[in-house]
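*Asks:* Input: one structure, supplied below.
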Amino acid sequence: MASTETDRQGASVLSACADRRDLAVLARALSPHLGADDQLVSPTQGGREAAMDRMASIDPVAYARTRNHLDGAVTLLGPYIRHGVVALPDVRDTALATVGHPTDAEKLVQQLAWRDYWRRLYGDYGMRIWDDLEDYKTGFGPEDYADTLPDDIKAGATGVAAIDAFVEELVTTGCLHNHARLYLAAYVCHFRRVKWQAGARFFLRHLLDGDPASNNLSWQWVASTFSNKPYYFNLENLQRFADGVVDTRYEHNVVLAGSYEDLHLRLFPNLDPPEPRKPARPRRGSRR
Amino acid sequence: MSAMIWVHFDALSMAHPVFAAAPDGARRIHVWDPEELARRDWSLKRCVFVLECLQQMDVELVPGDPADVLDADDVFLAASPDPYIRGVAERLSGHVRIVDDEPLSVVPDDTDMTRFFRFWNKTRRSALRLDEVSGG
Ligand SMILES: Cc1cc2nc3c(=O)[nH]c(=O)nc-3n(C[C@H](O)[C@H](O)[C@H](O)COP(=O)(O)OP(=O)(O)OC[C@H]3O[C@@H](n4cnc5c(N)ncnc54)[C@H](O)[C@@H]3O)c2cc1C
């Protein structure tokens, strides 16, 4: 098929962009939905070169030890994997090449498998991943949850310091650590009783790695519409994994404070009280 | 016979086998679909990230509806679970060739997909390439 003038312009329009400012102008010209108030470009750069830089610093052993900490040795490959800039088997092989035995990279490979798993389910469910896949196991029905995300959450102005910091990071950088996503999602669904779909839409708007498969199904996992029980956390857990990264002081995060038993009664009053937790058990936050 | 490669936003890599599957000279096109992006409500930072990825690839950027732009006898594209991508592929008038990438693991047919750890127990060995370790 012969190239038209417009097509040739299409080929060269990208190479004519000298820097990110030009790309932002191009994005605006191509995408009328972008509002005048949407001005932020992420510090994370797109493209294979940046992806390869991150691949070079994968450390599966440190990853397994520290990945649940907000300053842990995570790969930050999410956006590149989401857009297929690097493929899951390439990440896996890079990880395996750095360790003595494959099982030394097991935690990282298992996390890659989460993505594979969600994508396979997406292939089966299609647009139904926007529906509750199962009932809530919170003692509430969908009608008990608000349809829209409250403005104070969107603005990062809830007054809960850690939550506001997570929203700010999401909106300004398009990146957010897995544990911060879990905290934020649990806050939206359970502390504020908002439908997971509203939170999921907000994440997909901002996350550079936003992908309906991993995103919606993770939200459903937190909400309990695709898991056996709701995921929630308390201030003690937040302090363990987020100290030094966000403000976790009690007086700035009061609503998150309490034992798991107390929070269970407060957040899920219609459910039977939980079994008391043994102090030595691994924390919930380290489960995924 | 004309051929095109639809370089959609799930496979922004020249290493994807879709490029080897298509004949030499097939046009490589990323279609920027403003209606779909509006529906997804992608922020500016997401749009810029994708444009940066495209900038490092040898592809044309063409705005419009992919079903109109991808007007060729053969259209090659990377496999994707995304209903939008699948829906466009169904609307194309040309012959559609969907090219799979290497999977992370082999998933046996009887795998229970209702919970992750059931899936992981069945796929762990192949995901970790345990059976390929020499002497293992
Ligand atoms: C509420 C919520 C929403 C999420 N939304 C998305 C999303 O839209 N897109 C997305 O790719 N991930 C999503 N995740 C999963 C996970 O948080 C991100 O993949 C991860 O934080 C990306 O950072 P990283 O690359 O440093 O991850 P690493 O921990 O370094 O992991 C490496 C890669 O493995 C995959 N991965 C790791 N953990 C998970 C997981 N739990 N589920 C699926 N894949 C995983 C990702 O591709 C990731 O890039 C979400 C999790 C939650 C709890």
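The values are calculated or read from the model by the stated rules, or taken from the named source; none is laboratory data. Everything numeric in this text was worked out from a predicted model, so none of it was measured. Using ideal geometry, Cβ is built from the backbone for each residue, glycine included, and neighbour counts are taken over all protein chains shown. Just the protein is used for accessible areas: all its heavy atoms, side chains included, with ligands, DNA and RNA removed. Shrake-Rupley method; radii C 1.70, N 1.55, O 1.52, S 1.80 Å.
*Asks:* Could you identify the single residue in A:V74, A:V86 that is part of a loop (DSSP other than H, G, I, E, B) and more than 9 Å from the ligand (Cβ to nearest atom)?
*Replies:* On the way: A:V74 fails: more than 9 Å from the ligand (Cβ to nearest atom).
Exactly one of A:V74, A:V86 is part of a loop (DSSP other than H, G, I, E, B) and more than 9 Å from the ligand (Cβ to nearest atom), namely A:V86.
*Asks:* Let me ask something else. Any residue at all in region A:164-185 that is assigned to a loop (DSSP other than H, G, I, E, B), within 12 Å of another protein chain (Cβ to nearest Cβ), farther than 21 Å from A:Y136 by Cβ and open to solvent by less than 30 Å² (accessible area, probe 1.4 Å)?
*Replies:* Here is the first cut: in region A:164-185, the ones assigned to a loop (DSSP other than H, G, I, E, B) are A:174-177.
Cutting the leftovers down to within 12 Å of another protein chain (Cβ to nearest Cβ) gives us A:174-175.
From what is left, the residues that are farther than 21 Å from A:Y136 by Cβ are A:174-175.
Okay, now just the ones that are also open to solvent by less than 30 Å² (accessible area, probe 1.4 Å), so A:174.
Yes, some residue in region A:164-185 is assigned to a loop (DSSP other than H, G, I, E, B), within 12 Å of another protein chain (Cβ to nearest Cβ), farther than 21 Å from A:Y136 by Cβ and open to solvent by less than 30 Å² (accessible area, probe 1.4 Å).
*Asks:* Okay, next question. Please state which of the following conditions A:S227 fails to meet, knowing it meets all the rest: (1) part of a loop (DSSP other than H, G, I, E, B); (2) crowded, with 23+ Cβ neighbours inside 10 Å; (3) within 12 Å of the ligand (Cβ to nearest atom).
*Replies:* Condition not satisfied by A:S227: (2).
*Asks:* Would you mention how many residues in region B:28-56 are open to solvent by 30 Å² or more (accessible area, probe 1.4 Å), within 7 Å of chain A (Cβ to nearest Cβ) and either within 18 Å of B:R97 (Cβ to Cβ) or touching a helix residue (DSSP H, G or I) at 6+ places or on another chain (Cβ under 8 Å) (or both)? So that I can check it myself, show each step before the final result.
*Replies:* In the first step, residues of region B:28-56 are kept if they are open to solvent by 30 Å² or more (accessible area, probe 1.4 Å); the result is B:28, B:34-35, B:38-41, B:55-56.
Right, trim to within 7 Å of chain A (Cβ to nearest Cβ) and you get B:34, B:38, B:40-41, B:55-56.
Narrowing further to those that are either within 18 Å of B:R97 (Cβ to Cβ) or touching a helix residue (DSSP H, G or I) at 6+ places or on another chain (Cβ under 8 Å) (or both): B:34, B:40-41, B:55-56.
Result for region B:28-56: 5.
*Asks:* Of (1) in contact (Cβ under 8 Å) with a residue 40 or more places away in the chain; (2) within 16 Å of the ligand (Cβ to nearest atom); (3) among the hydrophobic types (A, V, I, L, M, F, W, C), A:A161 satisfies all except one. Which?
*Replies:* Condition (2) is where A:A161 drops out.
*Asks:* Okay, next question. Go through (1) part of a helix (DSSP H, G or I); (2) within 13 Å of chain B (Cβ to nearest Cβ); (3) under 19 Å from A:R67 (Cα atoms) and name the single condition A:D209 misses.
*Replies:* (1)
*Asks:* Taking region A:99-133 only, how many residues are within 14 Å of the ligand (Cβ to nearest atom), surrounded by fewer than 22 Cβ atoms within 10 Å (Cβ to Cβ) and over 20 Å from the mean Cα position of the chain (by Cα)?
*Replies:* So the answer is 1.
*Asks:* Anything in region A:227-244 that is touching a residue at least 40 places away in the same chain (Cβ under 8 Å) and more than 9 Å from chain B (Cβ to nearest Cβ)? List them, or say none. Can you show your working first?
*Replies:* Quick first cut of region A:227-244, residues touching a residue at least 40 places away in the same chain (Cβ under 8 Å) only: A:227-233, A:237-238, A:240-242, A:244.
Selection gives A:K229, A:P230, A:Y231, A:Y232, A:F233, A:N237, A:L238, A:R240, A:F241, A:A242, A:G244.
*Asks:* Pick from A:Y260, A:Y250: which is farther than 20 Å from A:L70 by Cβ, more than 9 Å from the ligand (Cβ to nearest atom), open to solvent by 10 Å² or more (accessible area, probe 1.4 Å) and not charged (D, E, K, R)?
*Replies:* Working: A:Y250 fails: farther than 20 Å from A:L70 by Cβ.
It is A:Y260.
*Asks:* Any residue at all in region A:193-201 that is near the ligand (Cβ under 9 Å from one of its atoms), more than 9 Å from chain B (Cβ to nearest Cβ) and more than 12 Å from the chain's Cα centre (by Cα)? Please lay out each step first, then the result.
*Replies:* Filtering region A:193-201 for residues near the ligand (Cβ under 9 Å from one of its atoms) gives A:196, A:199-200.
If we keep only those that are more than 9 Å from chain B (Cβ to nearest Cβ) as well, we get A:196, A:199-200.
Checking the rest, the ones that are also more than 12 Å from the chain's Cα centre (by Cα) come to A:196.
Yes, that holds for at least one residue.
*Asks:* Select from region A:19-30 the residues that are under 17 Å from B:C53 (Cα atoms) and either among the hydrophobic types (A, V, I, L, M, F, W, C) or at the interface with chain B (Cβ under 7 Å from one of its Cβ atoms) (or both) and list them in ascending order.
*Replies:* Once the filter is applied, which keeps residues that are under 17 Å from B:C53 (Cα atoms) and either among the hydrophobic types (A, V, I, L, M, F, W, C) or at the interface with chain B (Cβ under 7 Å from one of its Cβ atoms) (or both), region A:19-30 yields A:R20, A:L23, A:A24, A:V25, A:L26, A:A27, A:L30.
*Asks:* Also, quick follow-up: Could you please tell me which pairs satisfy a Cβ distance under 8 Å, a separation of 6+ or placement on different chains, a first residue in region A:100-129 that is more than 7 Å from chain B (Cβ to nearest Cβ) and charged (D, E, K, R), and a second residue that is within 15 Å of the ligand (Cβ to nearest atom) and open to solvent by 60 Å² or more (accessible area, probe 1.4 Å)?
*Replies:* A:D104/A:V61
*Asks:* Okay, moving on. Can you give me the ranges of the strands (runs of 3 or more DSSP E) entirely in region B:58-136 with at least 1 residues that are of a type in the set (G, A, S)? Break it down stepwise before answering.
*Replies:* Details: elements: B:60-63, B:74-78, B:95-99.
In region B:58-136, the matching strands (runs of 3 or more DSSP E) lie at B:74-78.
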